[in-house]
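Novice: Sending over a structure as structure tokens; questions will come in a sec.
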Amino acid sequence: MRRSMRSLLVATAAAALVLPLCAVSAANATPPGFSSADKDALRNQAPSDLAIGSAVWGKQQLTDYDPAAPTEYQQVLGAQFSSLTPENDMKWDAIHPAPGVYDFASADALVAYAEANHQQVRGHTLLWHSQNPAWVTEAGAAWTCDQARDVLEDHIRTVVGHFKGRIYEWDVANEIFQDTWDNGGVRLRTEANPFLRACADDPVALLVDAFRWAHEADPDAVLFLNDYNAEGVNEKTDAYYELAERMLDAGAPLGGFGAQGHLSLLYGFDTSIQANFERFAALGLQVAVTEADVRIPLLEGETGPTPEQVAVQAERYDAMLEACLNVTACSSFTVWGFPDANSWVPDVFPGEGWATILEDDYSPKPAFDAMLRSLQDATPGVSPRRG
Ligand code: 9MR
């Protein structure tokens with residue numbers, strides 16, 4: 001049976017009127033309207049050194065934010081999560097739409113909302129082959145490496161500098177390795193990524209400098225590599241492990257490795273995620289689950305998943321969270337948005353869906369309940385988290 005979140009939400013709205021709005025440093029400080037005894041909020045049950053996040057599209061969901069009259073979505077977002085990742089607002093096409101033109105409006109709205117709700121922000125992302133504006137994809141085709149470096153350096157220094165002190169983790173480089181099935185197999189995306197392409201003679205040197213520019217612009221942000229199909233020990237994460245070693249040897253301020261966690265019930269679950277996290281942690285890096293969702297192939301003629309599918313989905317979300325709880329270097333666990341109505345999945349994978357942890361009326365799915373239980377069972381306070 002579903003549990004209603006309505007009473008929880010009413011309390012938030014009322015308290016938001018009277019509490020001062022201020023940023024806090026602790027990931028799981030109690031947000032307006034919540035007591036630390038609240039047992040229904042993921043953020044309140046998490047160990048204090050583990051941020052529990054969600055992606056949110058600020059342009060669609062937060063630009064109208066009024067602390068005195070939050071939408072139901074905004075209330076749930078504030079109630080449940082201690083960290084936000086801009087689903088699209090800090091990507092190149094949104095924030096740097098033309099040469100020399102930066103548009104921070106929706107990203108600023110997101111950060112302001114986060115601070116008002118005592119949440120941290122994960123920046124996403126500075127170097128990617130996708131969602132680049134036309135001027136990058138067009139001009140980029142003819143860039144020399146020096147030209148590409150100049151454009152990237154300006155972008156990183158400007159964007160990271162704009163949010164200096166307000167972002168705790170940055171996905172500096174996103175999806176920079178191809179998949180096993182791509183032409184040429186697992187190797188750096190020196191074709192699809194315009195910056196890596198221009199500097200294909202020494203792409204690692206570009207990556208080292210990208211991290212250095214970001215670090216100089218905000219020395220307090222922990223700087224991540226981030227990718228999908230990067231949960232378990234596999235060919236792609238072997239390549240990341242080698243890259244991380246090379247970057248660290250070269251003095252890059254690399255601070256973290258993020259496994260996105262986009263899973264599908266069409267495939268098995270690789271249980272080596274904890275072992276994978278442990279090897280990156282042994283390099284001195286933080287690790288994180290950065291974009292968790294578990295999509296379900298919906299059967300022909302069915303409006304929703306079967307009870308068995310629902311149970312497996314809950315197990316998978318929970319297994320990713322457990323891996324994070326078991327590795328003290330895991331600093332954040334982020335779900336890739338909610339509810340299903342906001343999910344990217346059906347647009348990209350026709351026939352699959354129901355991928356998030358909350359129903360469209362914001363009531364919890366079994367996956368939410370499983371995560372909440374695991375957080376409640378974890379040792380409160382700092383590491384070690386498991387009793
Ligand atoms: O969820 C994002 C969706 O709204 C965008 O249309 C899409 C464009 O590529 O990007 C989605 O987010 C992606 C993230 O930035 C990187 N990892 C994969 C995510 C899902 O595609």
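Bear in mind that the values in this text are calculations on the coordinates, not laboratory data. Note that the structure is predicted; figures quoted are calculated from it, not measured. Please note: Cβ atoms are built from the backbone with ideal geometry, for glycine as well, and neighbour counts cover all protein chains shown.
Novice: Using Cα atoms only, what is the angle between the long axis of helix 6-16 and the major principal axis of the chain, expressed in degrees (0 to 90) to the nearest 10?
Specialist: Once rounded, the angle reads 70 degrees.
Novice: Given labels modelled 7 Å from the Cα in the Cβ direction, how far is it in nm from Arg246 to Asp369?
Specialist: With each label placed 7 Å out from Cα toward Cβ, I get 4.8 nm.
Novice: If you restrict to DSSP beta bridges whose two residues both lie in the range 244-387, what percentage is antiparallel, to the nearest 5?
Specialist: The antiparallel fraction comes to roughly 20 percent.
Novice: Now, a different point. What FRET efficiency comes out for Asp361 versus Arg157 if R0 is 41 angstrom and r is the Cβ-Cβ distance? Round to the nearest 0.05.
Specialist: With R0 = 41 Å, the Cβ-Cβ based efficiency is 0.40.
Novice: Quick one: Thr303, Thr290, Thr158, fewest Cβ neighbours within 10 Å first, how do they rank?
Specialist: Thr303, Thr158, Thr290
Novice: So which lysines can Lys236 reach, going by Cα to Cα under 27 Å and dropping same-chain residues fewer than 8 places off?
Specialist: Lys91
Novice: Pull out the extension gain between Asp66 and Ala282, defined as 0.36 nm times the separation in residues minus the alpha carbon to alpha carbon distance; nm, one decimal.
Specialist: Here the answer is 73.4 nm.
Novice: Then there is this: Compute the Cα gyration tensor for the range 117-241, then decide on rounded, prolate or oblate, letting a ≥ b ≥ c be the square roots of its eigenvalues: rounded whenever a/c is under 1.5, prolate when a/b is larger than b/c in the other cases, and oblate in all that remain.
Specialist: In terms of gyration-tensor shape, oblate.
Novice: Order by neighbour count: Lys236, Lys59, fewest other Cβ atoms within 10 Å first, most last.
Specialist: With the sparsest Cβ surroundings first, the list reads Lys59, Lys236.
Novice: Got a sec to turn the phi values of the range 183-198 into Karplus ³J(HN,Hα) couplings, 6.51 cos²θ - 1.76 cosθ + 1.60 with θ = phi - 60°, whole Hz, x for Gly and Pro?
Specialist: 4, x, x, 5, 7, 4, 6, 7, 9, 6, 8, x, 6, 5, 5, 5
Novice: Let me ask something additional. Could you go through the range 234-244 in sequence order and give the Karplus-derived ³J(HN,Hα) for each residue, using 6.51 cos²θ - 1.76 cosθ + 1.60 with θ = phi - 60°, rounded to whole Hz, and x for Gly and Pro?
Specialist: Karplus-based 3J(HN,Hα) across the range 234-244 equals 8, 4, 5, 6, 4, 5, 5, 4, 5, 4, 4 Hz.
Novice: Over the Cα atoms of the range 295-372, what Rg and Dmax result, in angstrom?
Specialist: Every Cα atom of the range 295-372 included, Rg and Dmax give 13.1, 44 Å.
Novice: Let me ask another. If you find the alpha carbon centre of the range 321-375 and of the range 261-288, how far apart are they in angstrom?
Specialist: Measuring centre to centre over Cα atoms gives 16 Å.
Novice: How large is the dipole of the chain about the Cα centre if only Lys and Arg carry +1 and Asp and Glu carry -1, each at its Cβ, rounded to the nearest 20 debye?
Specialist: The dipole of the chain has a size of about 960 debye.
Novice: Label Val310 and Asp201 with points 7 Å out from Cα along Cα→Cβ: what is the distance between them in nm?
Specialist: Result for the modelled spin labels: 6.0 nm.
Novice: Can you give the angle from 0 to 90° between the axis of helix 203-217 and the longest principal axis of the chain, with both taken from C-alpha atoms, to the nearest 10?
Specialist: On a 0 to 90 degree scale, this one is about 60.
Novice: In which sequence would Glu216, Glu169, Glu242 go, from the one with the fewest C-beta neighbours within 10 Å to the one with the most?
Specialist: Glu242, Glu216, Glu169
Novice: Kirkwood hydrodynamic radius of the chain from all distinct Cα pairs, in Å?
Specialist: Evaluated on the chain, it is 21.2 Å.
Novice: Under 8 Å for C-alpha pairs, at least 6 residues apart: give me the relative contact order for the chain, rounded to a whole percent.
Specialist: Once normalised by length, the contact order is 16 percent.
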